[in-house]
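Inspection log for the structure reproduced underneath, given as structure tokens.
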Amino acid sequence: MELIMLVYLLAIIAPISIFIHEFGHAIAAWLVGADRIYISIGTGKKGISFNFNKFYITLFPLFFLGGIALSERTPSYRPREKILISLFGPVMSGCVSVILWAIHQSHPNPFIHLSMLFNGWIALMNLLPFAYKGKQTDGYKMLRLVRKKKWINK
């Protein structure tokens, strides 16, 4: 059973959960008027790319190894908008975790339970403010903006 759960985590839960998290950032960027929104899932040599209006999505072969959402807008985002964009990824992951928790309450299932825990972990880890080897969590980005106090009057 452990092998099945590991394969399920890597092949199903991780890429879908990562996409949901990055899509949360993309929704916020779209709401504040992004010109272009890029979502990349995974790493490795270029895999499949497609676009729909402002959204450009790329799926890489090692699709379970993280993701990133970037967006562009002219004029540049205001600090409050950057905070909103950073916050929406963890919020989306947290909402999915809560929904899965509710489903698990009425339909206990190890696959739903693992999905709930993974999405909750993504939400929590991305809200913690830290940087490692040039990568910054969403919480770190938000804390940096708040510390600069640039979000107060803009």
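Computed from the coordinates by the stated procedures, all read-outs in this text should not be read as laboratory data. Worth saying up front: this structure is predicted, and the values here are computed from it rather than measured. When we count neighbours, we look across all protein chains shown, and the Cβ atoms used for this are built from the backbone with ideal geometry, even at glycine.
The residue that is farthest from the chain's Cα centre (by Cα), counting only those in region 1-36 that are farther than 16 Å from Leu87 by Cα and among the β-branched types (Val, Ile, Thr), is Ile4. Listed here are the helices (runs of 4 or more DSSP H) enclosed by region 65-154 that have at least 2 residues being among the acidic types (Asp, Glu), and there are none. Candidates Thr137, Thr58: the one that is out of contact with any helix residue (DSSP H, G or I) (no Cβ under 8 Å at 6 or more places or on another chain), under 18 Å from Ile18 (Cα atoms) and surrounded by 13 or more Cβ atoms within 10 Å (Cβ to Cβ) is Thr58. Any idea which residue in region 69-110 is surrounded by the fewest Cβ atoms within 10 Å (Cβ to Cβ), counting only those that are aliphatic (A, V, I, L, M) and more than 18 Å from the chain's Cα centre (by Cα)? This residue is Ala102.
For Ile57, which of the numbered conditions (1) in contact (Cβ under 8 Å) with a residue 12 or more places away in the chain; (2) over 20 Å from Lys135 (Cα atoms); (3) outside any strand (DSSP E or B) fails to hold? Of (1) in contact (Cβ under 8 Å) with a residue 12 or more places away in the chain; (2) over 20 Å from Lys135 (Cα atoms); (3) outside any strand (DSSP E or B), only one is false for Ile57: (3).
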